[in-house]
Amino acid sequence: DAMVIQNPRYQVTQFGKPVTLSCSQTLNHNVMYWYQQKSSQAPKLLFHYYDKDFNNEADTPDNFQSRRPNTSFCFLDIRSPGLGDAAMYLCATSRDWEGPLQHFGDGTRLSIL
Amino acid sequence: AQKVTQAQTEISVVEKEDVTLDCVYETRDTTYYLFWYKQPPSGELVFLIRRNSFDEQNEISGRYSWNFQKSTSSFNFTITASQVVDSAVYFCALEDSSYKLIFGSGTRLLVRP
């Protein structure tokens, strides 16, 4: 019954080695978001897609990229992960004509060795 | 600028006590939405409530209740007869017309047996 699915739940990568996190949804929502949440902090929006339109937050590092090949899937690419990128990454979706209500996945916890 | 303040960093109570989590927000928008999310140690964000700016009715759901007061820009959350399973970090959030969620810094609630 999971509607926003993030795989894997835990990801370990090496310093500087590119990593991709994935998010899929069965809700047919047109808006998808990626948040970064570091330990003991609030989730911070990295970027979001409104349909195919990509919206980057001004303070999102260039190291973070995203792809949305179709409505159901969205990927977060970290080109050269640093130790400071270790965090929980949360994907969320919403349907704009229903009013704001974001549905969150369970998150991927990323560790950097 | 939009801002959400949760002044209580951590609260510790004994089981069966009532506890109120405070949330104060700032926005220039006349239309906005307020949310509460629960984040247990496993990391997923669990949606608790959404309230729009035109609906100031208080809401009760089981042991949970919310008090929305536009005059003081507050949206406080009360847990009645707290249980150990209520231990989590609770986030208050604001969403305006830009489809972005702005989170408070969170309040960690510890309910001791």
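Only the coordinates and a few stated rules stand behind these numbers; no lab work does. Remember, it's a predicted structure, so these values are computed and weren't measured experimentally. Heads up, the Cβs are rebuilt from the backbone with ideal geometry, glycines too, and the neighbour counts pull from every protein chain shown.
Mind listing whichever residues of the stretch A:48-102 are among the aromatic types (Phe, Trp, Tyr), in contact with a strand residue (DSSP E or B) (Cβ under 6 Å, 6 or more places away or on another chain) and closer than 30 Å to B:LEU34 by Cβ?
A:TYR49, A:TYR50, A:PHE64, A:TYR89
Hey, could you check the stretch B:49-84 for residues that are touching a residue at least 40 places away in the same chain (Cβ under 8 Å) and aliphatic (A, V, I, L, M) and say which is surrounded by the most Cβ atoms within 10 Å (Cβ to Cβ)? Show your work before the answer.
If we filter the stretch B:49-84 for residues that are touching a residue at least 40 places away in the same chain (Cβ under 8 Å), which is where we start, we get B:72-84.
Those still in the list that are aliphatic (A, V, I, L, M) too: B:79, B:81, B:84.
Values: B:ILE79: 20, B:ALA81: 12, B:VAL84: 10.
Per the criteria, the residue is B:ILE79.
Hey, among B:SER65, B:SER53, B:SER42, which residue is of a type in the set (Gly, Ala, Ser) and more than 14 Å from chain A (Cβ to nearest Cβ)?
B:SER65
Can you pull out the residues in the stretch A:7-49 that are surrounded by fewer than 12 Cβ atoms within 10 Å (Cβ to Cβ) and in a loop (DSSP other than H, G, I, E, B)?
Initially, the stretch A:7-49 is screened for residues surrounded by fewer than 12 Cβ atoms within 10 Å (Cβ to Cβ), giving A:8, A:10, A:14-16, A:28, A:39-40.
Answer for the stretch A:7-49, where residues must be surrounded by fewer than 12 Cβ atoms within 10 Å (Cβ to Cβ) and in a loop (DSSP other than H, G, I, E, B): A:PRO8, A:GLN14, A:PHE15, A:GLY16, A:ASN28, A:SER39, A:SER40.
Does B:TYR25 meet the test of being within 12 Å of another protein chain (Cβ to nearest Cβ), touching a residue at least 24 places away in the same chain (Cβ under 8 Å) and buried (at least 17 other Cβ atoms within 10 Å of the Cβ)?
no
What number of residues within the stretch B:31-45 satisfy the criterion of being within 8 Å of the chain's Cα centre (by Cα) and closer than 11 Å to B:ILE102 by Cα?
Here the count works out to 1.
Would you mind stating whether B:PHE91 is of a type in the set (Phe, Trp, Tyr) and either in contact with a Lys or Arg (Cβ under 9 Å, 6 or more places away or on another chain) or closer than 30 Å to A:PRO8 by Cα (or both)? Can you show your working first?
Details: of a type in the set (Phe, Trp, Tyr): yes; either in contact with a Lys or Arg (Cβ under 9 Å, 6 or more places away or on another chain) or closer than 30 Å to A:PRO8 by Cα (or both): yes.
So B:PHE91 passes the test.
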